[in-house]
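The values are calculated or read from the model by the stated rules, or taken from the named source; none is laboratory data. All values reported here derive from a predicted model rather than from experimental measurement. Methodologically, a virtual Cβ is constructed for each residue, glycine included, from the backbone with ideal geometry; neighbour enumeration extends over all protein chains shown.
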Amino acid sequence: MAAPEKKLDKSKSGLRMIPVNGNDSSPFTLSEPPWVPDDECPECQNSNCRARFDFIRRRKHHCRRCGKCFCNKCCEDKSPLPRMCFIDPVRQCLTCREISRRETDFFDKHLKILMNGGCFTVSDSDVSPEEGSSFFCKISPNHRQLLFEGECDKHEPVQIEKIDSLQILTSGKDDEGNTIAGGLAICYKDSTGSSNVVQMVVEQGTNKKPGQIWIAAMQKVSRQK
Ligand SMILES: [Zn+2]
Ligand SMILES: [Zn+2]
C-alpha cells in the first residue's frame, strides 16, 4: 500500500498538506476549529491574563488549535501542529502548545515505529495466543488500518478507528522484576460490525525488543484518538 497522494491546501491559518482523497485522511487528524468572532472577546481568553483589547495597544490572535482569542503575549510562539496537517509551526495558546508538544512525540516517533511494523504470532480469541500464525504487522501509510502480512495465512485488516480497547498480554518478569509486555489483545469491530479480539504475541526466538517497542507505541494510539 503506497503512501497517500497529497496536495497543498491554503487555509486562513496557514499552508497544509492534506490527502487528495478524503478517504485517505489519517484518523489522528483534527479539523480546524471555528474562530471565536473578534467582537465576542473584549479581553484575552487566557484566564490568568485577561488583558483588555483595544485598537491601539493590543492585537488579537487566534489559537489555531482551539480557535480562542488571545493577546500577543499568550499566543506568541509558533509550534508544530501535525494533527491539523500544517506544514509550518502555527500560533497556539499556552495550553494547546503543551498538548501539541506531547503529540509531536507520537507523530514523530511512535507512529513511525507502528508503520515500520514487527513480527507477531497472531491469533483470534478462540485459540491460545501461542497457537497463532506468523504475521508481519504494521500500520498502513494513511494510518487507517492495522495490516497483517502472512506467508500462508490471511487476517482481515483492523480499522484503527474501530479499535475499542487494547490489553497488554504479559510474559513474565525481567531481571529487575518489571512485568514484560509480551503481546497485545486488541478488541475491535470487524467489517460486519461485530466485536472481535485479535491477539498479537511478540515472536519467540527472535530479538524481542522491536516487538515490545511496537506494542508500547500501539498503546499510545488509543490516547490520541
Ligand atoms: Zn488554544
Ligand atoms: Zn493574554
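Worth a mention:
- Of all residues in the stretch 59-103 being surrounded by fewer than 19 Cβ atoms within 10 Å (Cβ to Cβ) and of a type in the set (A, V, I, L, M, F, W, C), the one that is farthest from ligand 1 (Cβ to nearest atom): ILE87
- Of the criteria (1) within 23 Å of the chain's Cα centre (by Cα); (2) within 16 Å of ligand 2 (Cβ to nearest atom), which one LYS6 fails: (2)
- Residue check, LYS60 touching a helix residue (DSSP H, G or I) at 6+ places or on another chain (Cβ under 9 Å) and under 21 Å from GLN224 (Cα atoms): no
- Among the candidates LYS138, LYS112, residue that is surrounded by 13 or more Cβ atoms within 10 Å (Cβ to Cβ) and away from ligand 1 (no atom under 16 Å from the Cβ): LYS138
- Within the stretch 102-123, tally of residues that are modelled with pLDDT of 90 or more and farther than 13 Å from VAL202 by Cα: 8
- Tally, over the stretch 25-49, of residues that are among the small types (Gly, Ala, Ser) and within 12 Å of ligand 2 (Cβ to nearest atom): 1
- Highlighted here are the strands (runs of 3 or more DSSP E) found entirely within the stretch 109-210 that include at least 1 residues which are among the acidic types (Asp, Glu): 118-124, 145-150, 163-173.
- Condition met for PHE136 (in contact with a Phe, Trp or Tyr (Cβ under 7 Å, 6 or more places away or on another chain) and of a type in the set (Phe, Trp, Tyr)): no
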